[in-house]
Amino acid sequence: MHKFWNSGVGLGGAVTSRVIIAGISVATAAPMKTGRITSQPIGHYEFCLQVPGECRATGNVAPDRLTKAAWSTMIKINSRINTTIAPRTDYEMWGKEEIWSYPVKYGDCEDYVLLKRHELIRAGFHPSNLLITVVLQPNGDGHAVLTVRTDRGDFILDNLVTKVLDWRDTRYQYLKRQSTANAGKWVDIIDTRRNVAQNF
């Protein structure tokens, strides 16, 4: 596993964390490799028509610095949204698929991601470093997570997993994510890891 600070969720959803310098340093961080511009998910395209300010050019800035405070913020926002939003499919909520929106009480994976991204921007993270990411689960189902780019690598906020993990330590196959330069454009992810399903 590639870790900086171990973290977990205690009883009642309370976040517990301890600082452990281990495993990886800035020099050995391995961010995702991306390729060409690719298709934008239809749900995100329609979301952008409704909320164009969330889908504009952001400038291609350096990754955010992963301080203890930044790590704590990531953990708290991920845990709070995971525990306060109840999972529902788009069909259950709207009667059709691929409706992306900010959740209030209920949401599916991309709704969790939208809210986490929004709250991390409010907390001071740069929009270029908060990237909606499409993956495949081991069972072949599609899923959306939030990638947070930092100077110590890329980390994943996920409504299906309580811990914030280095992207290499997840069991997903990575397909595409938002461009770091423009939140309305998407790029392929070049995922060359082997035995992905065994990483958990």
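FYI, it's all coordinate maths here, none of it is from the lab. Small disclaimer: the values here were computed from a predicted structure and weren't measured. Cβ sites come from the backbone with ideal geometry, for glycine too, and all protein chains shown count toward neighbours.
Just the Kirkwood number for the stretch 5-198, please: inverse of mean 1/r across all distinct Cα pairs, in Å, one decimal.
Roughly 17.0 Å, rounded to one decimal.
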Taking the Cβ of I37 as the center, what net charge do the other residues with Cβ under 14 Å away carry, scoring Lys and Arg +1 and Asp and Glu -1? +3
Given labels modelled 7 Å from the Cα in the Cβ direction, how far is it in nm from K68 to A86? 3.8 nm
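Taking the Cβ of G95 as the centre, find all other residues whose Cβ is under 14 Å away and add up their charges (Lys, Arg: +1; Asp, Glu: -1).
Computed value for this residue: -3.
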Net charge within 10 Å of V148 by Cβ-Cβ distance, Lys/Arg positive one each and Asp/Glu negative one each, not counting V148 itself? +1
